[in-house]
Amino acid sequence: MPIEVSIYEERCAMLDRLIGSFGISNAIFILAINDVLYRYGVGWSAPYSESDIQAQDIAMKLTEQKPENAEAVKAIVQAVYDFWFNEGFAKKYLNAGL
């Protein structure tokens, strides 16, 4: 799913909020993760701003764990979605091409 022009203001507001909480570089990292979650519909097809909590969790785990390959990144994303929703919630989306 492409990032539509219609969510530009929502995305800018999210970036401003994230900068206030995490600083510029971390905010941009979290926003980029949220863009991927939204674009690939990881977990569901929710509005853009509804996966920011998961994006924050993923960013922190990526920073802490420093995964070395795509499978390790997928495991982190899956663990975050398992925590927030239920086991296997995002599995079909992750296996489809993230």
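The values are calculated or read from the model by the stated rules, or taken from the named source; none is laboratory data. All of these numbers come straight from a predicted model, not from anything done at the bench. Using ideal geometry, Cβ is built from the backbone for each residue, glycine included, and neighbour counts are taken over all protein chains shown. Protein only, heavy atoms only, side chains kept; ligands, DNA and RNA dropped before computing areas. Shrake-Rupley method; radii C 1.70, N 1.55, O 1.52, S 1.80 Å.
Looking only at the stretch 62-74, how many residues end up being over 16 Å from residue 40 (Cα atoms) and either in contact (Cβ under 8 Å) with a residue 40 or more places away in the chain or among the aliphatic types (A, V, I, L, M) (or both)?
2
Under 8 Å by Cβ, and 6 or more places apart or on different chains, what pairs join a residue from the stretch 17-41 that is closer than 10 Å to residue 59 by Cβ and open to solvent by less than 60 Å² (accessible area, probe 1.4 Å) with one that is assigned to a helix (DSSP H, G or I) and basic (Lys, Arg)?
Filtered contacts from the stretch 17-41: 31/11.
Please find, within the stretch 44-61, the residue that is surrounded by the most Cβ atoms within 10 Å (Cβ to Cβ) out of those that are free of Cβ contacts under 8 Å to residues at least 24 places away in the same chain and in a helix (DSSP H, G or I).
Selected residue: 51.
Going residue by residue through the stretch 79-89, is there one that turns out to be small (Gly, Ala, Ser), in a helix (DSSP H, G or I), on the phi < 0 side of the Ramachandran plot and at pLDDT 95 or above?
No - not one qualifying residue is present in the stretch 79-89.
Of everything in the stretch 1-12, what is open to solvent by 60 Å² or more (accessible area, probe 1.4 Å), of a type outside the set (Lys, Arg) and not in a loop (DSSP other than H, G, I, E, B)? Give them in sequence order.
Result: 5, 6, 8, 9, 10.
Could you tell me whether residue 68 is over 16 Å from residue 31 (Cβ atoms), open to solvent by 70 Å² or more (accessible area, probe 1.4 Å) and not in a helix (DSSP H, G or I)?
Yes: the conditions hold for residue 68.
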